[in-house]
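This report refers to the structure that appears directly beneath it.
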2 protein chains.
Amino acid sequence: MHPTAPNGATAHDHFEDDLNLSILGFGVDYPPYRHGPEALETLANRIETRASVGYVDHPLVNQPEPPTIKQLDDNFREEGVRLSVNACKKAIDEWGGNPNEITHIVSTTCTNSANPGFDHFVRKELGIRSGVERVLLHGIGCSGGLAAIRTASNLALGSSYRKKPARVLVVACEISTLLVRSELESVDRDQAVRIGVCLFSDCASACVLSNNVGNDTGSNPVFDILGWKHEILQDTEKDLGFDVDPMGWKVILTTQVPALASAAVSPAFEELTASIPSLCGPDRPRKPADFDWALHPGGSTIITGVQQAVGLTEANLRASYEIYMNYGNSSSATIMAVMNKLRSSEGKEDVVACAFGPGISLEMMALRRRKPATNGHVELNGHSKTKGSSLMNGSTDTNGIPEAFGLPAEEVD
Amino acid sequence: MHPTAPNGATAHDHFEDDLNLSILGFGVDYPPYRHGPEALETLANRIETRASVGYVDHPLVNQPEPPTIKQLDDNFREEGVRLSVNACKKAIDEWGGNPNEITHIVSTTCTNSANPGFDHFVRKELGIRSGVERVLLHGIGCSGGLAAIRTASNLALGSSYRKKPARVLVVACEISTLLVRSELESVDRDQAVRIGVCLFSDCASACVLSNNVGNDTGSNPVFDILGWKHEILQDTEKDLGFDVDPMGWKVILTTQVPALASAAVSPAFEELTASIPSLCGPDRPRKPADFDWALHPGGSTIITGVQQAVGLTEANLRASYEIYMNYGNSSSATIMAVMNKLRSSEGKEDVVACAFGPGISLEMMALRRRKPATNGHVELNGHSKTKGSSLMNGSTDTNGIPEAFGLPAEEVD
């Protein structure tokens with residue numbers, strides 16, 4: 001492609017037949033509380049006294065004033081770091097390696113702005129060596145999880161060039177629910193209702209990514225990474241944002257987002273698959289429905305919008321629906337939860353992961369499951385394959401909450 | 001080295017003889033105002049009415065209340081983006097390439113927390129293609145500039161593995177001076193004086209980094225990158241930090257920092273040079289004073305402390321002293337200003353860049369000037385070499401302010 005192609009593609013965006021990059025383990029950690037729509041009713045009833053939605057009894061949402069960004073930071077350093085450490089332990093456990101073999105940590109959050117970043121405290125809790133190369137991504141909101149995997153992939157290829165092993169720990173963590181108290185203040189003061197408060201949830205997720213240089217005894221790759229694409233939709237900054245505020249961050253999400261996002265997916269899919277030899281050869285004609293999709297569940301109309309615009313089935317998107325229904329949108333941390341969910345059920349051999357963030361940015365990645373395919377479907381071993389991520393593999397998650405499957409009920413987005 | 005070496009080094013930390021990474025251009029942009037110590041007196045006299053230090057007449061420091069993190073964000077989006085675009089234009093101009101050949105943008109700031117990040121707006125202003133891969137680093141404070149060059153180097157090597165050109169635009173930008181109004185509020189309310197307010201200044205700096213794959217007509221490398229080291233000093237989180245607050249960020253800087261930092265430099269230098277073949281061969285015995293040093297001028301006692309602890313001369317550190325004297329500590333943006341300053345005067349062939357940030361993190365990088373060496377010194381062409389960075393090359397900078405050279409006067413740190 002030409003450097004000045006309208007979609008912004010260059011020769012740099014074409015991938016080799018085998019990047020030799022794999023994801024060796026996943027870990028997802030959701031906090032124990034789950035609130036249904038009735039929590040919003042509770043919230044509405046309480047607005048003239050004190051609000052409580054995130055954790056109903058959480059002190060931070062039961063004080064007279066909304067928590068400040070400093071109080072949220074103090075809380076993140078405890079709860080965010082704890083969730084992150086749990087998720088990382090699951091991912092490292094599934095990988096099966098020694099934490100001291102971790103060469104890089106790539107992290108992201110949009111609900112914390114501390115120096116040192118939360119990744120420092122996560123590293124320390126995990127006992128990973130102090131010289132590990134750390135990268136904490138910011139400014140990318142919900143697309144952060146996939147941007148972190150992309151960045152980790154690029155860094156790992158840097159180690160490949162040096163013929164050195166790379167074992168990159170990727171971590172995304174968001175504590176979004178406590179922002180509801182600040183949103184209520186805006187509702188009360190500005191008489192403006194923003195949708196963000198209805199969508200967000202808390203989560204940390206992690207994976208270990210390898211360049212497959214050196215030995216990895218006991219590791220059993222989950223996905224190979226085939227290629228990726230990052231794009232900014234033109235002149236859409238005002239449609240999707242996460243603006244910093246004394247009381248945390250405020251979601252900007254216009255009603256245009258589902259349409260803008262849905263329209264961008266097909267061209268990006270075409271470009272991405274065209275840049276990956278094993279996906280565009282004559283023997284492998286590919287349409288979107290030939291893939292399973294790990295779509296970031298930004299909201300239900302984004303999922304249904306992409307489903308219609310791209311020509312997918314509910315089955316292609318089952319993991320996105322399930323995570324959204326059961327856990328909500330945890331911003332950057334969601335995509336790895338969806339990817340982790342997807343690999344635990346039967347499905348297509350190849351997977352497209354896709355997320356949107358402020359900008360509007362689009363992140364897309366093509367992955368291949370490592371289990372042998374039969375008739376275009378993948379046979380997975382369920383629990384035995386995924387010792388580190390029991391959250392997503394049974395009818396009951398680690399918090400003892402039964403999972404449900406189905407399409408979301410009517411929801412504004 | 002063994003994975004469990006106390007200093008955290010592993011085989012991954014050893015470098016090849018030629019990474020083939022170069023810096024092709026620099027750009028530094030300081031805002032037009034420069035305030036001496038008398039500004040603090042002004043500040044002290046005004047504390048019971050309104051404070052004004054950064055820009056004496058800047059509206060944000062002349063309102064009854066300190067600016068909020070949201071107001072600082074609005075200001076950063078204007079002034080920070082403008083400074084950054086200026087710095088990037090200088091770096092791209094010196095490199096001489098087409099902005100559309102930029103493959104990655106690696107940015108950092110610790111004085112902004114917007115989504116999308118400021119790098120999005122800088123990219124847009126520069127007219128760089130929307131598909132360029134962006135990485136915005138956070139949580140690393142003053143070490144951000146060097147961490148960004150390290151990350152850019154790793155990413156560029158990823159492109160080397162794929163045999164594709166990488167031209168990475170590295171940008172660091174900080175608007176720190178407006179935080180003084182919030183610091184004054186703390187002084188007034190808590191009767192606590194923190195040193196940060198005396199040290200900080202505003203700046204954007206940039207460079208273009210290349211993996212030297214593909215053609216670069218007209219480019220004339222400034223530095224080759226030989227290797228790097230990242231380290232966290234054990235249990236020092238409480239000594240150096242930059243805590244988020246409704247009124248921006250608050251500097252944590254204990255009196256231990258100069259001693260902690262100075263003590264860490266020699267071991268890191270030994271390890272780094274031992275990991276780089278061309279610096280540890282039998283024909284090249286190396287001691288710290290054989291290098292010029294681009295030390296981040298965190299404060300004058302950090303510079304003098306490192307000078308004494310490591311056995312350097314004022315001449316080795318001249319660029320750090322000059323930037324500190326004339327422009328102050330601009331956090332992450334400072335190190336590239338020092339590197340840019342250093343290359344414009346005669347000096348050693350090899351350079352160590354070193355910065356400290358919250359954690360306490362230590363970033364160190366070894367570079368080699370590309371001009372031919374004579375008797376261990378480098379002959380530089382001055383202005384003709386550095387068309388894009390006139391700021392640092394004459395007796396008068398772009399703002400028409402004469403530069404001075406000398407050791408700083410007595411200063412608390």
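Using the Kirkwood formula on the Cα atoms of the range A:73-162, what hydrodynamic radius do you get, in angstrom to one decimal?
Values: mean 1/r = 0.0728 Å⁻¹.
Evaluated over the range A:73-162, this radius sits at 13.7 Å.
What's the local net charge at B:Asp235, with K and R +1, D and E -1, over the other residues with C-beta under 15 Å away? Let's see the in-between values first.
Working: positive: A:Arg123, A:Lys124, A:Arg129, B:Lys238; negative: A:Glu125, B:Glu231, B:Glu237, B:Asp239.
That sum, taken over residues with Cβ under 15 Å, equals 0.
Pairs to check: B:Lys89/B:Lys164; A:Lys250/B:Lys238; B:Lys89/B:Lys124; B:Lys287/B:Lys341; A:Lys250/B:Lys250; B:Lys90/B:Lys341. Give those whose C-alpha atoms are more than 18 Å from each other in this structure. All intermediate terms of the calculation are to be shown ahead of the outcome.
Values: B:Lys89/B:Lys164 24 Å; A:Lys250/B:Lys238 29 Å; B:Lys89/B:Lys124 13 Å; B:Lys287/B:Lys341 22 Å; A:Lys250/B:Lys250 22 Å; B:Lys90/B:Lys341 14 Å.
From the list (B:Lys89/B:Lys164; A:Lys250/B:Lys238; B:Lys89/B:Lys124; B:Lys287/B:Lys341; A:Lys250/B:Lys250; B:Lys90/B:Lys341), the Cα-Cα distance tops 18 Å for B:Lys89/B:Lys164; A:Lys250/B:Lys238; B:Lys287/B:Lys341; A:Lys250/B:Lys250.
What size of dipole, in debye to the nearest 20, comes out for the range B:58-97 about its Cα centre when the only charges are +1 on Lys and Arg C-beta atoms and -1 on Asp and Glu C-beta atoms? Present the calculation step by step, with values, prior to reporting the outcome.
Values: 5 positive and 7 negative charges, 18 e Å.
Charge dipole, the range B:58-97, about its Cα centre: 80 debye, nearest 20.
For B:Tyr321, B:Tyr30, what ranking results if the residue with the fewest other Cβ atoms within 10 Å of its Cβ goes first? Write down the numbers at each step before the final one.
Numbers: B:Tyr321 23, B:Tyr30 26.
Starting with the residue having the fewest Cβ neighbours, the order is B:Tyr321, B:Tyr30.
What are the nm distances, shortest first, from B:Glu78 to its equivalents in the other copies, labels at 7 Å along Cα→Cβ?
4.0
Roughly how many whole Å is it from the C-alpha centroid of the range A:71-129 to that of the range B:151-178?
The two parts, judged by their Cα centres, are 24 Å apart.
Which residue, chosen from A:Trp228, A:Ala263, A:Phe291, occupies the Cα position most advanced towards the positive end of the dipole of the range A:222-392, where the dipole is computed from +1 (Lys, Arg) and -1 (Asp, Glu) charges on Cβ about the Cα centre?
A:Phe291
To the nearest 20 debye, what is the magnitude of the charge dipole of the range A:222-392 about its Cα centre, counting +1 on the Cβ of each Lys and Arg and -1 on the Cβ of each Asp and Glu? Please list the in-between numbers first.
On the way: 16 positive and 19 negative charges, 133 e Å.
Dipole magnitude for the range A:222-392 comes out near 640 debye.
Dipole of the range A:104-168 (Lys/Arg Cβ +1, Asp/Glu Cβ -1, origin at the Cα centre): which of A:Asn115, A:Val168, A:Gly158 lies farthest to the positive side?
Of the listed residues, the answer is A:Gly158.
From the label point of B:Asp235, set 7 Å along Cα to the beta carbon, how far off in nm is each other copy's matching point, shortest first?
Once sorted, the set of distances for B:Asp235 reads 5.8 nm.
Bear in mind these aren't lab numbers, they're just calculated from the coordinates by the rules spelled out. From a predicted model like this one, the values you see are computed outputs, not experimental measurements. Note: ideal-geometry Cβ built from the backbone for every residue, glycine included; neighbour counts use all protein chains shown.
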